[in-house]
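Participant: The structure under discussion is supplied below as structure tokens; questions concerning it will follow.
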Amino acid sequence: MLLKFLLEKEIKQIRRNPFLPRLIIAYPVLVMLVFPWVANLEVKDINLCIVDNDHSVYSQRLTEQISASEYFCLSGTAATCDEAMESIKRNDSDVILEIDAGFEKDLVRGGNSTVMISPNSVNGTKGAFAASYLSQILSDFSDGIREELPSGGPPSGIIEINPQYRYNPCLDYKTFIIPALMVILLTVICGFLPTLNIVGEKEKGTIEQINVTPVKKSLFILSKLIPYWITGIFILTVCLGLAALIYGLIPAGSLLTVYLFAILFVVTYSGLGLVVSNYSTTMQQAMFVMFFFTIVMLLMSGIFTPVRSMPGWAQAITYANPLRYFVEAMRAIYLKGSGFFALITQFFVLLGIAGLFGIWAIMSYKKR
Amino acid sequence: MTNKAITVENITKRFGGFTAVDGISFGIERGEIFGFLGANGAGKTTVMRMLCGLSKPTSGSGMVAGFDMMTETESIKRSIGYMSQKFSLYADLTVRENLRLFGAIYGLRGRAIAVRTVKMLRELGFYAERNTMVKDLPLGWQQKLAFSTAIFHSPEIVFLDEPTGGVDPLTRRQFWELIYKAADSGITVFVTTHYMDEAEYCDRVSIMVDGRIEALDTPSNLKRQYNAASMDDVFQRLAQTAKRNDTI
């Protein structure tokens, strides 16, 4: 009964905030429209510099074949390897392909020739991708030559590898990042907003007024959390809709499971927010501490980089990270169509973390 | 229930090695306006927090509104009103919404809240402002509204912690008229203040120095006892005996 009055107060205050309602609408839309394109690890438009020491018909054909690929842009040709290195230093090129003098002669005579690929590997992923794409084109090229040459020569590949990419057949990075973006949104909305709300009342002194009234502390806090839980679920719904509309991405698994995990997660993460708000006396303090935890948890969740490729000690830390379980569950439901029972571990661990934060929040409040 | 609103026996409060309140005793009658004076750091706020059930005494005993200070703080909270020196209504709610919220917190029903709200706002001459956001009201009105909210649920005792800080003399005068009216209706008023003219308005006054109550009587008796012309003189004489740093 009293909860109804308290909720009414919170919702009015949120609605009258000059900033929050806009944020709640604009934030998910912005994130879903912009970030699937921006937060993208696909490597495209690699600038290639060719050092052609042969100037033959074959070297010309190789150059054309590479330029036709969507992955490479021909940034220029250089007379010497040193000149090409200069263009890498100026950031005009990402990779050098050096064709030896006698390239055509060797090919025609012995069916064997070499080229050198030197990718700029300051960004290791990009360098590795450049080298592997380029090797792929070179191997296609040599297959083509081999068929034309009268001498024939041995077939290059005896085993033809034909990968079938499961759950994301086109290797579209957007498909991978969209469920993770939803996780990030819920983290920010349901972690920061209730924390700042509670500490804000501490700063204004209104919480002292509430403390001298008979209202139960737990009821008062609950009235602060519920609106943000609902907000979180609303935002998730907006995101699900946008993902389907714009990217045609629909969860392969059940929506019910998505919501179940989302509800559990927002409860868990707002629990962390409560703990932080109990130890903070100013908004600045609360903001900084929340930032600290949120950044650590985001980077150690597997959202951006796979947990398996982290060092052992870091992997051990991720076991305590609620984000890890939520993002695992979201991706599994979205992409693989995993059902609830396949994710039962994630569910119970999240439940456990939620319980711990809850107990901690209550205890840290009573001490103060 | 006794006819005392508050009785306190030998209350002490220590924070670590620091004794903020040092074995004080006093009693307050029902319907009395009790002025609680003292320099900054004398221990006034600590006493008030204990009486409101916000913190427990280290030792001693006391009854507030008929409930034990040590064990029945939740019942105490139900029977008192409180207005802090920091303005603490919700600035982003309207006058009516604030009353509705605090009424509900003290267990009033929606219907009763609506009736009382209209009656109270009409008496205050505030009715036209019922849908105004509290932050848009002038400070004096905000203070009057905060007081009216504190007694909205007809508590036994209302605690006022420096209620007239930063308010102009005319509004202070009006504020004290509200206090008298509340006392007439049987509400006990416990008020701290730094304005000595306000001390003269109280039925009885106590002056705290270094965690102890050094003087407690009616303003006229105190003036006679200290052979002083005004409460201001009485206060100056007692406050000068303080050994504590006044910025604690």
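Participant: Restricting to the range B:12-51, name every residue that is charged (D, E, K, R) and in contact with a helix residue (DSSP H, G or I) (Cβ under 6 Å, 6 or more places away or on another chain).
Facilitator: B:LYS13 - this is the single residue of the range B:12-51 that is charged (D, E, K, R) and in contact with a helix residue (DSSP H, G or I) (Cβ under 6 Å, 6 or more places away or on another chain).
Participant: Among the residues of the range A:223-255, what is the count of those that are surrounded by 14 or more Cβ atoms within 10 Å (Cβ to Cβ) and either under 14 Å from A:SER270 (Cβ atoms) or outside the structural domain of A:TYR334 (by TED's automatic domain parsing) (or both)?
Facilitator: Number satisfying all stated conditions: 11.
Participant: Kindly list the number of the only condition in (1) part of a helix (DSSP H, G or I); (2) touching an Asp or Glu at 6+ places or on another chain (Cβ under 6 Å) that fails for B:ILE207.
Facilitator: The number of the failed condition is (1).
Participant: A further question follows. Within the range B:149-163, is there a residue that is away from chain A (no Cβ under 14 Å) and either assigned to a helix (DSSP H, G or I) or crowded, with 16+ Cβ neighbours inside 10 Å (or both)? Can you show your working first?
Facilitator: Just the residues of the range B:149-163 that are away from chain A (no Cβ under 14 Å), to begin with: B:154.
Now restrict to residues that are either assigned to a helix (DSSP H, G or I) or crowded, with 16+ Cβ neighbours inside 10 Å (or both): none.
There is no residue in the range B:149-163 that is away from chain A (no Cβ under 14 Å) and either assigned to a helix (DSSP H, G or I) or crowded, with 16+ Cβ neighbours inside 10 Å (or both).
Participant: So if I check each of A:SER59, A:SER113, which one is away from chain B (no Cβ under 14 Å), crowded, with 17+ Cβ neighbours inside 10 Å, free of Cβ contacts under 8 Å to residues at least 24 places away in the same chain and in contact with a helix residue (DSSP H, G or I) (Cβ under 6 Å, 6 or more places away or on another chain)?
Facilitator: Within the list A:SER59, A:SER113, the selection yields A:SER113.
Participant: Follow-up. Mind listing whichever residues of the range B:87-146 are in contact with a strand residue (DSSP E or B) (Cβ under 6 Å, 6 or more places away or on another chain) and touching a residue at least 60 places away in the same chain (Cβ under 8 Å)?
Facilitator: B:ALA146
Participant: Hey, another quick one. Which pairs have Cβ atoms under 7 Å, sit 6 or more apart or on different chains, and link a residue in the range A:5-25 that is closer than 17 Å to A:LEU185 by Cα and in contact (Cβ under 8 Å) with a residue 12 or more places away in the chain to one that is of a type in the set (A, V, I, L, M) and part of a helix (DSSP H, G or I)?
Facilitator: Close Cβ pairs (under 7 Å, with a partner that is of a type in the set (A, V, I, L, M) and part of a helix (DSSP H, G or I)) amount to A:LEU20/A:ILE14; A:ILE24/A:ILE235.
Participant: For A:ILE99, only one of the following conditions fails: (1) of a type outside the set (D, E, K, R); (2) at pLDDT 85 or above; (3) more than 21 Å from A:ARG146 (Cα to Cα). What is its number?
Facilitator: Exception for A:ILE99: condition (3).
Participant: Same structure, new question: So for the range A:268-277 (the condition being surrounded by fewer than 21 Cβ atoms within 10 Å (Cβ to Cβ) and in the same structural domain as A:GLY339 (by TED's automatic domain parsing)), does at least one residue qualify?
Facilitator: Checking the range A:268-277: not a single residue is surrounded by fewer than 21 Cβ atoms within 10 Å (Cβ to Cβ) and in the same structural domain as A:GLY339 (by TED's automatic domain parsing).
Participant: Additional query: In the range A:278-333, how many are over 20 Å from the mean Cα position of the chain (by Cα), surrounded by fewer than 21 Cβ atoms within 10 Å (Cβ to Cβ) and touching a residue at least 12 places away in the same chain (Cβ under 8 Å)?
Facilitator: 7
The values are calculated or read from the model by the stated rules, or taken from the named source; none is laboratory data. From a predicted model like this one, the values you see are computed outputs, not experimental measurements. Every residue, glycine as well, gets a Cβ built from its backbone with ideal geometry; the counts of neighbours run over all protein chains shown.
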